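Colleague: The structure follows.
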Amino acid sequence: AQSVTQLDSHVSVSEGTPVLLRCNYSSSYSPSLFWYVQHPNKGLQLLLKYTSAATLVKGINGFEAEFKKSETSFHLTKPSAHMSDAAEYFCVVSDRTGGSYIPTFGRGTSLIVHP
Amino acid sequence: ETGVTQTPRHLVMGMTNKKSLKCEQHLGHNAMYWYKQSAKKPLELMFVYSLEERVENNSVPSRFSPECPNSSHLFLHLHTLQPEDSALYLCASSQDPPSGGPTDTQYFGPGTRLTVL
């Protein structure tokens, strides 16, 4: 069985400072990992994904994440936060169950950016 | 904007009503999903259809009934709902890969905000 743990329900940063959103996963096989962002009253949008290629994945809006198999982690980072980054972020693990891929979402981390 | 549309965007219904949510994807994908997003709770996967066949049903109450007539359309039929069913219902689609391939990105619609009185 697969699972995802987002270690922080809220992260608060000042504009211009680094962002770290933590995600740990468990999976029986070689999973695919994703980060999605959800702005208020909107659907989810893909930030980046890992699918067994390079372990450092670059996404949109300056975000990146590093897959660390030994630590079963896939933390999301950004060097400098912008006010528009304030949103809910979801880490997702997807593994093959039977004949199809079934995604499992983390509980989400709310990113708050102060001016 | 995504290639997944959902209608209606907002819905208010009484507990005795019957209504349906509609999702349409214009991306040529072969898998579609219904999620429930409630305040203070994780995103809940309700149903998964791959190649128009249901492959996952996470013990969702029978008052929710999905229908996938073709690979582009997905419905969620609602009847005799409870106030705790009030939530944002999200539809998503993806391209289910061949056996052994990595999974692909899910594309989400904007959601239907459902309020049950």
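Colleague: Taking the C-alpha atoms of region B:31-75, how large are the radius of gyration and the largest Cα-Cα span, Dmax, in Å?
Modeller: Radius of gyration, then largest Cα-Cα span, for region B:31-75: 10.9, 34 Å.
Colleague: If you don't mind, another one. Counting only other chains, what is the mean number of Cβ atoms within 10 angstrom of the Cβ of each residue in peptide A:102-109?
Modeller: Mean number of neighbouring Cβ atoms from other chains: 5.
Colleague: Let me see the pair-distance distribution of the protein assembly as shown: every alpha carbon pair, 5 Å bin width, integer percents in order.
Modeller: Pair shares across the bins are 1, 7, 14, 18, 19, 17, 12, 7, 4, 1, 0.
Colleague: Identify all aspartates and glutamates with a Cα-Cα distance to residue B:19 below 20 Å; exclude those on the same chain that are fewer than 8 residues away in sequence.
Modeller: Partners within reach: B:67, B:84, B:85.
Colleague: Relative contact order for region B:24-117 using alpha-carbon pairs under 8 Å, separation at least 6, rounded to a whole percent?
Modeller: This gives 29 percent for region B:24-117.
Colleague: OK, next. In chain A, if every C-alpha pair distance is counted and binned at 10 Å from zero, what percent goes to each bin?
Modeller: 15, 48, 30, 7, 1
Colleague: Which Cys in chain B stand alone, with every other cysteine's Cβ at 4.7 Å or more from theirs?
Modeller: Among the cysteines of chain B, those whose Cβ sits 4.7 Å or more from every other are B:68.
Colleague: Something else about it: Within 10 Å of each residue's Cβ, count the other Cβ atoms and sort A:25, B:35 from fewest upward.
Modeller: Lowest count first: A:25, B:35.
Colleague: So which of A:78/B:22; A:68/B:40; A:78/B:40; A:42/B:22; A:49/A:78 end up more than 27 Å apart, counting from Cα to Cα?
Modeller: Result: A:78/B:22; A:68/B:40 exceed 27 Å.
Colleague: Ignore the peptide's own chain and count Cβ atoms of other chains within 10 Å of each Cβ in A:48-58; give me the average, rounded.
Modeller: Counting Cβ atoms of other protein chains within 10 Å of each residue's Cβ and averaging gives 1.
Colleague: What does the structure give for A:39-46 when I average, per residue, the other chain Cβ atoms found within 10 Å of the residue Cβ?
Modeller: Working: counts 0, 0, 5, 4, 15, 12, 4, 5.
Partner-chain Cβ atoms within 10 Å, mean over residues of A:39-46: 6.
Colleague: Take the Cα gyration tensor of region A:24-90, multiply each eigenvalue by 5, square-root it, and list the three semi-axes largest first, rounded to whole angstrom.
Modeller: Rounded to whole Å, the semi-axes are 22, 13, 10.
Colleague: What are the semi-axes of the equivalent ellipsoid of region B:1-73, taken as the square roots of 5 times the eigenvalues of the Cα gyration tensor, listed largest first and rounded to whole Å?
Modeller: After diagonalising the Cα gyration tensor, the semi-axes are 20, 16, 14 Å.
Every read-out reported here was derived from the displayed coordinates using simple, explicitly stated rules and does not represent laboratory data. Here the structure is a predicted model, which is why all the values come from computation and not from measurement. A quick note on method: Cβ atoms are made from the backbone with ideal geometry, for glycine too, and the neighbour counts reach across all protein chains shown.
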